[in-house]
Amino acid sequence: QVQLVESGGGLVQAGGSLRLSCAASGSIFSISTMGWYRQAPGKQRELVARITTEGSTNYADSVKGRFTISRDNAKNTVYLQMNSLKPEDAAVYYCHAIFADVPGRSRSYWGQGTQVTVSS
């Protein structure tokens, strides 16, 4: 069974940095787009960043210039480097990926989330 497991969340002061990791495991034929979403209390889940297999990226306007998404295809892992963190960045961060367990059968997968807390 394919799973996504996030790690790297924690408590950091405003202006600090964190690096999130998300590792995919299981029977995987291929992984296409991978990304990070976040959800703060009382708010809707929103896209933070995504990256294609080829390395093309896009970011939410609120994190451009501060966050960097990257991936290691050999390890089936995606990362989110978060710099200059602000209190409004505090949320549960969720990893998302589109996998194919067999050719032509791509499906959407979600991790269970990792908490990021930013103090002022």
Which lysines have a Cα lying under 29 Å from the Cα of Lys75, excluding residues fewer than 8 positions away in the same chain? Lys64
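Tell me the relative contact order for the stretch 1-61 as a rounded percent, counting alpha carbon contacts under 8 Å between residues six or more apart.
Numbers: 77 pairs, mean separation 14.5, N = 61.
Dividing the mean separation by the residue count of the stretch 1-61 yields 24 percent.
Which order do the peptides 44-52, 104-112 take when ranked by the mean count of other beta-carbon atoms within 10 Å per residue, highest first?
Values: 44-52: 16.6, 104-112: 12.3.
Highest to lowest by the protection proxy: 44-52, 104-112.
Taking the Cα centre as origin and putting +1 on Lys and Arg beta-carbons and -1 on Asp and Glu beta-carbons, what dipole magnitude results for the stretch 18-120, to the nearest 20 debye? Let's see the in-between values first.
Working: 12 positive and 7 negative charges, 12 e Å.
Using Cβ point charges on Lys, Arg, Asp and Glu, the stretch 18-120 gives about 60 debye.
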Would you list, by chain and number, the lysines whose Cα falls below 19 Å from the Cα of Lys43, excluding same-chain residues fewer than 8 positions away? Lys86
Return P(r) of the stretch 1-59 (all Cα-Cα pairs; 5 Å bins starting at 0; whole %; ordered from short to long distances). 4, 13, 18, 25, 22, 11, 5, 2, 0
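How would you rank 58-70, 88-100, highest first, on the average number of other Cβ atoms within 10 Å across their residues?
On the way: 58-70: 15.1, 88-100: 20.0.
Output ranking for 58-70, 88-100: 88-100, 58-70.
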In nm, to one decimal, how far is the modelled label at Gln115 from the one at Ala14, with both set 7 Å along Cα→Cβ? 2.1 nm
Along the stretch 25-33, what does the Karplus equation 6.51 cos²θ - 1.76 cosθ + 1.60 (θ = phi - 60°) give for ³J(HN,Hα), rounded to whole Hz, x for Gly and Pro? 9, x, 7, 10, 7, 7, 10, 9, 6
I'd like the carbon and sulfur percentage of the solvent accessible area for the stretch 47-120, probe radius 1.4 Å, heavy atoms only, ligands and nucleic acids excluded. 45 percent
Scalar couplings 3J(HN,Hα) for the stretch 9-16 by Karplus 6.51 cos²θ - 1.76 cosθ + 1.60 (θ = phi - 60°), nearest whole Hz, x for Gly and Pro, are x, x, 9, 8, 6, 3, x, x
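Give me the accessible area per residue for the chain, probe 1.4 Å, as a whole number in Å².
Details: 6430 Å² over 120 residues.
Normalised by residue count, the accessible surface of the chain is 54 Å².
Quote the relative contact order of the chain in percent (integer), defining contacts as alpha-carbon pairs under 8 Å separated by 6+ residues. Spell out each step's value before the answer.
Working: 301 pairs, mean separation 43.2, N = 120.
36 percent.
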In whole Hz, with x marking every Gly and Pro, tabulate ³J(HN,Hα) for the stretch 102-119 from phi via Karplus 6.51 cos²θ - 1.76 cosθ + 1.60, θ = phi - 60°. 9, x, x, 10, 7, 9, 8, 10, 10, x, 8, x, 9, 7, 10, 10, 10, 9
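Using the eigenvalues of the Cα gyration tensor, what equivalent ellipsoid semi-axes result for the chain when each is taken as the square root of five times the eigenvalue, whole Å, largest first? Let's see the in-between values first.
Details: eigenvalues 131, 38, 30 Å².
The answer is 26, 14, 12 Å, longest axis first.
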Assuming R0 = 22 Å, what is the FRET efficiency of Ser32 and Ala60, from their Cβ-Cβ distance, to the nearest 0.05? 0.65
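The values are calculated or read from the model by the stated rules, or taken from the named source; none is laboratory data. For clarity, every value in this text was computed on a predicted model and none was experimentally measured. Don't worry about glycine lacking a Cβ; one is built from the backbone with ideal geometry, like all the others, and counts go over all protein chains shown. Keep in mind that these areas ignore ligands, DNA and RNA; they rest on the heavy atoms of the full protein, side chains included. Shrake-Rupley method; radii C 1.70, N 1.55, O 1.52, S 1.80 Å.
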